[in-house]
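The values are calculated or read from the model by the stated rules, or taken from the named source; none is laboratory data. Being a predicted model, the structure only gives us computed values, none of them experimental. Reconstructed Cβ throughout: ideal geometry from the backbone, glycine too, with neighbour counts over all protein chains shown.
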Amino acid sequence: MQNSFNPPERVLMGPGPSNIHPQVLKAMSRSTVGHLDPSFIDLMDQIKELLKYTFLTENEVTFPVSGPGSVGMETCLVNLVEPGSKVVVCINGVFGGRMKSIIERCGANPVVVEEEWGKAVNPEKLDNTLKANPDVRLVAFVHAETSTGALSDAKLLTEIAHNYDCLTVVDTVTSLGGTPVKVDEWGLDAVYSGSQKCLSCPPGLSPVTFNNRAIEVIKNRSTVVQSWFMDLNLVMGYWGSGSKRSYHHTAPINALYGLHEALLLLKEEGIENAWNRHADNGKEFCTKLNEIGLNPLVPENERLSQLISVTVPDGVDEAKVRGYLLDKYDLEIGAGLGSLTGKVWRVGLMGYSSNKKNIQLCINALKDAIENT
Ligand SMILES: Cc1ncc(COP(=O)(O)O)c(C=O)c1O
């Protein structure tokens with residue numbers, strides 16, 4: 001027999017995944033039960049309640065989609081977008097671009113609100129675009145753009161969308177658990193996230209939540225949702241309420257044990273405390289960056305605490321630095337994407353990885369690497 005795979009012990013400070021709490025890994029190694037076992041149904045109900053706590057919502061339709069964040073993105077969009085419709089999509093980085101691509105594949109026509117990479121979505125531009133396109137009924141945007149580290153004002157963007165009788169689809173893959181995401185208070189209509197960032201779970205699950213306005217729109221669609229797997233009407237036969245649950249797909253059972261444990265840990269810490277921890281650590285990291293002569297790309301008022309793009313100084317080979325960090329320190333940080341390729345490093349301080357020890361490790365390692373590569 002071949003040897004089992006034994007991964008190196010890395011410190012994960014890239015754009016995700018983050019390191020996983022040992023209790024989460026332990027929970028995932030427990031015995032597998034059937035996906036309709038009464039004990040598992042009970043666990044599913046607990047996960048839904050814990051997700052409501054995390055999203056700050058009373059939405060009944062709140063559950064983890066079986067699939068990574070991109071499947072959550074696609075679930076929100078395929079259910080809410082009808083062929084031939086017009087959808088406003090805000091693009092200030094890679095993930096807004098991914099939303100646009102899905103909207104096109106749904107047979108709809110995207111109207112883009114473009115922003116420079118490294119900046120938040122501009123509310124005035126959204127307002128002007130909606131004014132000019134009165135037939136739009138849906139606005140999609142990314143709350144925390146992981147490709148740049150910019151945080152947009154989800155509350156204000158949703159307020160503007162609602163003024164024009166539009167619903168919102170909001171990407172909270174990097175914000176949930178690390179930055180306030182107040183689904184009910186801000187009126188966000190359809191929201192998705194990912195398990196592998198500030199929730200500190202392995203990748204592969206995407207928490208989603210839909211309010212009644214969004215569910216009404218889905219119920220009144222004039223066309224069938226083109227994806228069988230992601231059609232909410234079908235998935236909710238399994239994830240819906242009540243004792244009558246029927247087979248839809250075989251849920252990733254052990255992964256859900258992990259999510260449950262991670263959400264318990266988050267609740268134990270308290271969601272506000274988790275936001276504050278991320279905010280404090282992000283600030284401290286940026287102060288220390290300045291002390292070694294490095295600068296964050298995003299201005300402080302639009303900067304995420306849990307994902308910081310660091311400008312690569314002139315004359316420094318960014319890929320060599322990342323290689324050095326991995327080889328010498330077992331430390332992973334991320335590269336820039338798209339128009340920021342080669343220009344920034346992306347440092348994640350997410351979930352279990354967001355701690356003082358990691359801040360100091362990363363600062364020391366970056367200083368060493370810049371001096372010695
Ligand atoms: C903002 C954002 N949206 C969507 C995704 C896609 O998530 P996944 O890679 O889990 O499919 C990511 C992943 O990094 C992300 O950062």
Practice prompt. Assess whether S227 counts as being surrounded by fewer than 24 Cβ atoms within 10 Å (Cβ to Cβ), over 12 Å from the mean Cα position of the chain (by Cα) and within 16 Å of the ligand (Cβ to nearest atom).
Written response: yes
Over the range 233-245, the set of residues of a type outside the set (V, I, T) and either closer than 20 Å to C201 by Cα or assigned to a helix (DSSP H, G or I) (or both) is N233, L234, M236, G237, Y238, W239
Among helices (runs of 4 or more DSSP H) completely within the range 246-362, the ones holding 2 or more residues that are farther than 28 Å from K119 by Cα and within 18 Å of the chain's Cα centre (by Cα) are 253-269
Residue pairs within 8 Å by beta carbon, gap of at least six or interchain, first lying in the range 203-218 and under 25 Å from P17 (Cα atoms), second among the basic types (K, R) and surrounded by fewer than 24 Cβ atoms within 10 Å (Cβ to Cβ), listed first then second, are T209/K52
By residue number, the members of the range 349-369 that are aliphatic (A, V, I, L, M) and more than 18 Å from L294 (Cβ to Cβ) are M350
Of the residues in the range 40-73, those that are more than 15 Å from E261 (Cβ to Cβ) and either polar (S, T, N, Q) or in contact with a His (Cβ under 7 Å, 6 or more places away or on another chain) (or both) come to T57, N59, T62, S66, S70
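Are any of the residues in the range 32-40 among the aliphatic types (A, V, I, L, M), surrounded by fewer than 18 Cβ atoms within 10 Å (Cβ to Cβ), in a loop (DSSP other than H, G, I, E, B) and touching a Lys or Arg at 6+ places or on another chain (Cβ under 7 Å)?
Yes.
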| request: Determine whether E145 is within 21 Å of P299 (Cβ to Cβ) and within 16 Å of the ligand (Cβ to nearest atom). | output: yes
*asked:* Taking the criterion of being at pLDDT 95 or above and either within 14 Å of the ligand (Cβ to nearest atom) or crowded, with 24+ Cβ neighbours inside 10 Å (or both), would at least one residue in the range 216-224 satisfy it?
replied: no
Counting only strands (runs of 3 or more DSSP E) entirely within the range 56-116, those with at least 2 residues that are of a type in the set (V, I, T), at pLDDT 95 or above and within 16 Å of the ligand (Cβ to nearest atom) are 86-91
Conditions (1) out of contact with any helix residue (DSSP H, G or I) (no Cβ under 6 Å at 6 or more places or on another chain); (2) on the phi > 0 side of the Ramachandran plot; (3) not charged (D, E, K, R) -> L256 fails only (2)
So, first residue of a type in the set (A, V, I, L, M) in the range 240-254, second residue in a loop (DSSP other than H, G, I, E, B), Cβ within less than 7 Å, six or more apart or across chains; the pairs are A251/H35; I253/T32; I253/V33; I253/H35
- Query: Does at least one position in the range 8-25 carry a residue that is under 21 Å from the mean Cα position of the chain (by Cα) and assigned to a helix (DSSP H, G or I)?
  - Reply: yes
Filtering the range 1-33 down to residues that are without any contact (Cβ under 8 Å) to a residue 24 or more places away in the chain and among the small types (G, A, S) yields S4, S31
